[in-house]
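Read the figures in this text as sums done on the coordinates, not as results from a lab. Just so you know, these numbers come straight off a predicted model, no measurement behind them. Here the Cβ positions follow ideal geometry from the backbone for every residue, glycine too, while neighbour counts run over all protein chains shown.
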Amino acid sequence: MAAAGCCNGLASEYYKADPAHVRTGYIGSLAARSALYAIPAEQLSSAEPTDDTVALFARRIRLTRLMLDVAREIGQTRCRALGSRSG
């Protein structure tokens, strides 16, 4: 997984990183950069979508939903973890 590789790289520079923080940052940046850009909005300008365009949109919407769900799951996990430390 990317977080493990990142943590190993940081450790080689004598920086101890919490893998949960690295994963949260990775997933968050992935969602911010990729989720909404996965939707091919530039193809909305054509008057009549082709079957291929409709299929592409369906695949990309599912991909976007998956990325946002993963980002939400990470955020909820972090919030629960932080809440358990404050009590």
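Remarks
- When each of the peptides 58-67, 37-46 is scored by the mean number of other C-beta atoms lying within 10 Å of its residues, the order from highest to lowest reads 58-67, 37-46.
- Sequence-ordered 3J(HN,Hα) estimates for the stretch 60-65 from the Karplus curve with 6.51, -1.76 and 1.60 and θ = phi - 60° stand at 5, 5, 4, 4, 4, 4 Hz, glycine and proline given as x.
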